[in-house]
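Visitor: Pasting a structure below so you can have a look.
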Amino acid sequence: MTDLAEADVTIQTRTHAGVYLAVLQLVFTLLWTVYVIYLPKLAADVGIVPSAVIFILMLDQLIFTVTDTAMGIFADRISRVVGRLGLIVGLLTAISCAAFVALPFVAGQGPSAQAALIGLIVVWAITSSTLRAPPLTLLGKYAAKPSRPFLAALAMLGYGIAGAVSPYLGVVLRDSDARLPFILSSAVLLAVTLMLTRVERGLVSAQAAAPCVLPPAKALRRVPMLFIAAMLLLALGYQLHFSINSAPFFLRFARPGDLQWLLPVFWIGFNIALFPASVVTKRRGGLVVMGAAGLLGAAAMIGAEVAGSLNVLIVTQFIAGAAWGCMLMSAVAAALAIGETGAEGKVVGLVFSALALATFARMAAVAGGLQKLPDYAPLLHWAPVACWSVAGAGLLVLAASRLQSKRL
């Protein structure tokens with residue numbers, strides 16, 4: 001009976017940790033949404049022309065590309081002492097939130113505050129990276145391997161919910177003063193982050209009775225770079241499909257005012273697929289689920305391209321979103337498995353860096369006006385299909401080769 005009670009407590013502790021990570025991802029992603037909504041107005045207040053706003057966002061993504069991996073490596077090192085990761089993440093988040101809250105107040109000073117505004121954005125971007133890879137690192141270091149896919153699904157649920165509500169948030173906040181949303185979102189994020197140390201200690205206490213001995217992190221050259229390259233292709237396919245192609249697809253059958261109700265269909269599919277996919281990931285591995293979902297998503301994209309009615313398009317968007325949910329959840333689980341000898345933070349950080357780099361590439365395409373050039377329109381329409389097809393097939397081959405090597 002004692003063993004069963006201890007097992008129940010362990011399961012509850014790990015589930016609570018997954019729920020916490022979901023809330024953290026939800027709050028942080030919504031804060032990013034608030035930033036994107038208000039950035040054009042803040043930039044205009046200091047005399048930055050509207051056409052330059054996208055270059056500020058591109059700068060953010062370049063910073064994330066570097067700092068997400070750096071923060072992951074840093075997390076591998078500091079997490080060897082229980083409680084230190086939560087403490088440092090809390091400190092950096094406090095700096096990040098202070099910089100974020102200051103943005104609308106500094107912008108209110110006019111053109112003379114232009115350099116200060118850019119400087120605060122850079123500080124916020126660098127310090128906010130601590131909220132992506134480091135918290136997820138705890139799952140790889142202290143959660144039992146069979147439970148990681150389910151916990152990764154919980155964590156990504158927060159990301160998916162934020163994606164679903166973002167269009168509505170844009171409508172609600174569009175004409176509001178920036179200061180109150182910036183203060184509230186920062187206060188909530190900081191309050192959630194300060195609980196990380198407690199979650200970390202709970203995971204440690206729920207770990208197996210054997211002492212936790214973390215070996216040194218593996219060198220970067222031993223990280224399967226094919227996995228990261230495939231993740232970059234999958235992320236690029238998502239960015240091009242959802243951010244560039246989805247709205248024009250829906251506008252073939254609907255009015256612009258309907259987009260706020262139609263675009264979240266993708267995220268509904270994302271959220272619904274997470275937990276069934278975590279069961280398959282637990283049995284078959286993250287690489288297999290990523291590969292199969294990539295091919296399924298590519299087929300759904302083709303369906304969206306040739307859809308002849310709104311109902312068909314809604315179905316294909318739902319399937320594409322479900323496929324992306326499977327990919328992202330299993331990517332986190334696979335990253336934790338690949339880095340499970342002390343490099344969990346580094347590999348998870350590389351996954352987030354790939355997401356940021358893909359976002360930068362999409363923004364660069366928009367800044368270059370490629371979607372408006374007739375010669376490049378077919379490329380942007382079919383590039384997501386190619387990205388998901390190639391990455392999906394490559395990941396299945398990689399999974400098969402790893403399975404074959406284990407049998408030999």
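Visitor: Quick one: count up the residues across the stretch 34-92 that are more than 18 Å from the chain's Cα centre (by Cα), assigned to a helix (DSSP H, G or I) and not β-branched (Val, Ile, Thr). Show your work before the answer.
Guide: We begin by selecting, within the stretch 34-92, every residue more than 18 Å from the chain's Cα centre (by Cα); these are 37-56, 74, 76-88, 90-92.
Filter once more, keeping what is assigned to a helix (DSSP H, G or I): 37-45, 50-56, 74, 76-78, 84-88, 90-92.
Pick out the ones that are also not β-branched (Val, Ile, Thr) and you get 38-45, 50-52, 55, 74, 76-77, 84-87, 90-92.
So the answer is 22.
Visitor: Please state which one of Thr29, Thr33 is among the polar types (S, T, N, Q) and closer than 17 Å to Thr130 by Cα.
Guide: Numbers: Thr33 fails: closer than 17 Å to Thr130 by Cα.
Sole residue among the options that is among the polar types (S, T, N, Q) and closer than 17 Å to Thr130 by Cα: Thr29.
Visitor: Just wondering, is there one or more residues in the stretch 130-144 that are over 19 Å from Ser330 (Cα atoms), open to solvent by less than 10 Å² (accessible area, probe 1.4 Å) and in a helix (DSSP H, G or I)?
Guide: Keep residues of the stretch 130-144 that are over 19 Å from Ser330 (Cα atoms), which gives 130-131.
Then keep just the ones that are open to solvent by less than 10 Å² (accessible area, probe 1.4 Å); that gives 130-131.
After this cut, where a residue has to be in a helix (DSSP H, G or I) as well, the list is 130-131.
Yes: the stretch 130-144 contains one or more residues that are over 19 Å from Ser330 (Cα atoms), open to solvent by less than 10 Å² (accessible area, probe 1.4 Å) and in a helix (DSSP H, G or I).
Visitor: What's the total number of residues in the stretch 152-189 that are open to solvent by less than 50 Å² (accessible area, probe 1.4 Å) and part of a helix (DSSP H, G or I)?
Guide: Total meeting the criteria: 21.
Visitor: Among the residues of the stretch 366-408, write down those that are open to solvent by 70 Å² or more (accessible area, probe 1.4 Å), of a type in the set (A, V, I, L, M), farther than 16 Å from Gly285 by Cα and at pLDDT below 90.
Guide: Those that are open to solvent by 70 Å² or more (accessible area, probe 1.4 Å), of a type in the set (A, V, I, L, M), farther than 16 Å from Gly285 by Cα and at pLDDT below 90: Leu373, Leu379, Leu408.
Visitor: Can we say Gly119 is open to solvent by 20 Å² or more (accessible area, probe 1.4 Å), at pLDDT 90 or above, among the small types (Gly, Ala, Ser) and not in a helix (DSSP H, G or I)? Give the derivation first.
Guide: Values: open to solvent by 20 Å² or more (accessible area, probe 1.4 Å): yes; at pLDDT 90 or above: yes; among the small types (Gly, Ala, Ser): yes; not in a helix (DSSP H, G or I): no.
Answer is no for this residue.
Visitor: Now a separate question. Under the condition of being hydrophobic (A, V, I, L, M, F, W, C) and open to solvent by 10 Å² or more (accessible area, probe 1.4 Å), which residue from the stretch 234-249 is farthest from Ile314 (Cα to Cα)? It would help to see each step written out before you state the result.
Guide: The first filter runs over the stretch 234-249 and keeps only residues hydrophobic (A, V, I, L, M, F, W, C), leaving 234-236, 240, 242, 244, 247, 249.
Those still in the list that are open to solvent by 10 Å² or more (accessible area, probe 1.4 Å) too: 236, 240, 242, 244, 247.
Working: Leu236: 22, Leu240: 18, Phe242: 13, Ile244: 16, Ala247: 12 Å.
The qualifying residue farthest from Ile314 (Cα to Cα) is Leu236.
Visitor: Helices (runs of 4 or more DSSP H) wholly in the stretch 256-355 with at least 1 residues that are among the β-branched types (Val, Ile, Thr), open to solvent by 30 Å² or more (accessible area, probe 1.4 Å) and farther than 27 Å from Leu138 by Cβ - which ones?
Guide: Numbers: elements: 259-262, 264-284, 286-306, 310-338.
Here the list reads 264-284, 286-306, 310-338.
The values are calculated or read from the model by the stated rules, or taken from the named source; none is laboratory data. Everything numeric in this text was worked out from a predicted model, so none of it was measured. Cβ coordinates were reconstructed from backbone atoms using ideal geometry, including for glycine residues, and neighbour counts include every protein chain displayed. Just so you know, the surface numbers come from the protein's heavy atoms only, side chains and all, with ligands and any DNA or RNA stripped out. Shrake-Rupley method; radii C 1.70, N 1.55, O 1.52, S 1.80 Å.
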